[in-house]
1. Obtain the radius of gyration and the Kirkwood radius of the stretch 57-184 from its C-alpha atoms and give Rg over Rh.
2. Give, to the nearest whole percent, the P(r) tail of the stretch 194-334 beyond 22 angstrom, counting all Cα pairs.
3. Label residue 69 and residue 366 with points 7 Å out from Cα along Cα→Cβ: what is the distance between them in nm?
4. Evaluate Rg over Rh across the stretch 280-338, taking Cα atoms for both radii and Kirkwood's formula for Rh.
5. Among DSSP beta bridges whose residues both lie in the chain, state the antiparallel percentage, nearest 5.
6. From the P(r) of the stretch 74-131, could you give the percentage of C-alpha pairs in the tail past 14 Å?
7. If you average over every viewing direction, what projected area does the convex hull of the Cα atoms of the chain give, in nm²?
8. By count of other Cβ within 10 Å, fewest leading, how are 291, 38, 109 ordered?
């Protein structure tokens with residue numbers, strides 16, 4: 001009788017244990033998923049004394065930034081305007097082009113600068129445009145703050161990032177439409193501050209072609225110190241509202257070509273199958289490849305020339321006016337590759353360069 005009375009309690013106890021185990025399984029399983037989440041970057045804020053407001057920026061660090069196996073490296077920085085919309089795809093392109101042992105660009109830090117007042121920050125002059133829908137209405141009235149925006153970047157954001165992260169001094173800036181307009185102002189008014197520029201379908205029609213007039217005056221005598229500029233243009237030629245926009249980009253290209261300033265390596269590319277909205281993605285990919293053309297080195301040529309890697313990077317650095325070296329993860333892989341192929345001489349040649357560039361973490365021997 002006593003046994004019969006206790007049986008329901010035992011069954012209840014077993015049921016409770018079963019539910020507890022299920023809950024624990026779900027909890028640990030969910031926790032495991034959270035730990036495997038993909039983190040693309042982080043957002044931070046900085047107060048600008050120039051703009052008198054708080055500004056947000058997104059940042060993505062290179063894959064190997066915190067890899068303790070290697071000597072802490074310093075990296076180029078790519079500044080991206082319209083950060084709230086352009087940061088994610090730019091970060092993905094940079095990661096893709098810099099990955100593995102066939103990188104076309106170095107790993108770099110990507111900074112997306114978010115907007116507060118886009119028209120104010122991205123226009124070089126105070127001007128306005130009549131609305132095509134209502135001629136009595138003036139558009140872009142709050143304009144002309146481009147120079148203050150540059151001061152915010154040059155005097156506040158860049159020094160802040162240089163002190164907080166391992167940057168190497170090589171700076172690229174990328175912008176689209178009005179973003180390309182303000183970049184042109186930086187190019188012309190402050191040559192050499194940035195090392196390279198990526199400009200997507202810019203609004204050079206602004207203020208009756210102010211930028212075009214300024215380019216004719218400043219481009220011939222500016223010193224860009226082996227700088228590079230990639231200018232892309234969308235296929236909007238047949239769209240009436242884009243006619244002045246389209247023509248202004250063509251005129252800017254003609255000015256650069258006619259001036260032939262040898263301190264600026266310039267490339268223009270027309271994207272007939274892209275419109276004003278879609279051009280930034282493919283043009284960012286092409287622009288980065290253009291800027292770092294010559295960075296990639298075919299390490300398998302070391303079998304013919306043991307100095308191939310060193311010579312390639314020395315030549316590229318001279319052309320860029322800035323020192324670039326093969327990354328430590330790349331050298332590490334190449335040594336292991338040649339060891340697996342039983343090519344000891346090639347592996348030793350790479351090890352020698354490895355020890356020169358990264359003496360603190362390079363292997364002592366094969």
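1. 1.09
2. That tail contains 50 percent of the Cα-Cα pairs.
3. For residue 69 paired with residue 366, the spin-label model returns 2.0 nm.
4. On the way: Rg = 13.3 Å, Rh = 12.8 Å.
Rg/Rh for the stretch 280-338 comes to 1.04.
5. So the antiparallel bridges amount to about 30 percent of the total.
6. Summing the P(r) tail past 14 Å for the stretch 74-131 gives 63 percent.
7. 30.8
8. Working: 291 25, 38 4, 109 22.
By the 10 Å Cβ count, ascending, the order reads 38, 109, 291.
The numbers here are math on the coordinates, done by the rules we state, and not lab data. Computed from a predicted model, the values in this text were never measured in an experiment. Glycine gets a Cβ as well: all are built from the backbone with ideal geometry, and neighbour counts include every protein chain shown.
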